[in-house]
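K.L.:
Starting off with a structure, shown below.
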Amino acid sequence: MAKFYALDFGIFAFSHLAFGENLRKLNEAVENLQAPQAALYKSLADELRCPTCIGLSVLQSDAPFSVEIKTVLVEQVQAGKNAKEILKFFEERFGLWILRTPPTQGFHWFAWYLPLGLIFFGALLVWAVFWRRQRRPVTEGVRSNEALLEQMAEQLAVLREKP
């Protein structure tokens with residue numbers, strides 16, 4: 001039984017040493033990037049989603065899988081590829097899910113404009129419902145200003161005719 005615990009501890013310790021070595025190599029590679037390459041690396045790492053974390057980008061995460069993605073990203077940047085080529089590389093391997101923001105072309109525009117449309121048409125619907133329920137003043141039996149002026153003019157004419 002003690003052998004198994006020693007084996008488990010050995011695997012655990014070795015995996016953390018290997019992870020630490022990978023992280024150190026990644027940090028060195030990022031430090032050796034030139035300024036435009038470093039800016040491209042940071043912007044792309046911020047656009048890619050961490051597969052193991054919730055709501056974090058690859059740039060924000062230090063999960064082992066994110067470190068692997070960042071290592072591949074550094075290699076792609078060092079190879080001189082542009083942003084579109086690198087994003088396409090990751091889309092082919094992980095699907096569109098890897099992108100933190102959905103694309104705006106093709107059918108994906110629906111993901112951008114559906115919430116805006118729902119807000120607009122919802123507000124329009126609320127306005128229409130309340131506008132229809134609006135109480136209008138009852139004008140039945142109420143005379144207009146012209147009718148009142150006409151009646152007053154007739155009464156004045158009658159009073160002027162009387163001696």
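Only the coordinates and a few stated rules stand behind these numbers; no lab work does. On a predicted model such as this, the values are computed, not experimentally measured, just so you know. Glycine also receives a Cβ, built like all others from the backbone with ideal geometry; neighbour counts cover every protein chain displayed.
K.L.:
Quick check: residue separation of Leu124 and Ala147 times 0.36 nm, minus the Cα distance between them. What number comes out in nm?
P.N.:
Numbers: separation 23, 0.36 × 23 = 8.28 nm, distance 3.89 nm.
The span from Leu124 to Ala147 would gain 4.4 nm if fully extended.
K.L.:
Cα gyration tensor of the range 44-107, axes a ≥ b ≥ c as square roots of the eigenvalues: rounded (a/c below 1.5), prolate (a/b > b/c) or oblate? Kindly include the intermediate steps, with their values, before the conclusion.
P.N.:
Numbers: a/c = 1.98, a/b = 1.08, b/c = 1.84.
Taking the square roots of the gyration eigenvalues as a ≥ b ≥ c, the range 44-107 is oblate.
K.L.:
Which of the aspartates and glutamates could a cross-linker bridge to Lys162, judged by Cα under 14 Å and excluding same-chain residues fewer than eight apart?
P.N.:
Glu154
K.L.:
Between Leu114 and Gln134, what is 0.36 nm times their sequence separation minus the Cα-Cα distance? Round to one decimal in nm.
P.N.:
Numbers: separation 20, 0.36 × 20 = 7.20 nm, distance 2.99 nm.
Answer, rounded to one decimal: 4.2 nm.
K.L.:
How about the range 67-163: which GluC sites (Glu not before Pro) there lie in a loop by DSSP and see at most 11 other Cβ atoms within 10 Å?
P.N.:
Values: sites: Glu68, Glu75, Glu85, Glu91, Glu92, Glu140, Glu146, Glu150, Glu154, Glu161; in loops: Glu140.
Answer by residue number: Glu140.
K.L.:
At R0 = 35 Å, how high is the FRET efficiency between Asn27 and Leu99 if r is their beta carbon distance? Nearest 0.05 is fine. Write out the running numbers ahead of the final one.
P.N.:
Values: r = 25 Å, r/R0 = 0.71.
FRET efficiency, Asn27 to Leu99: 0.90.
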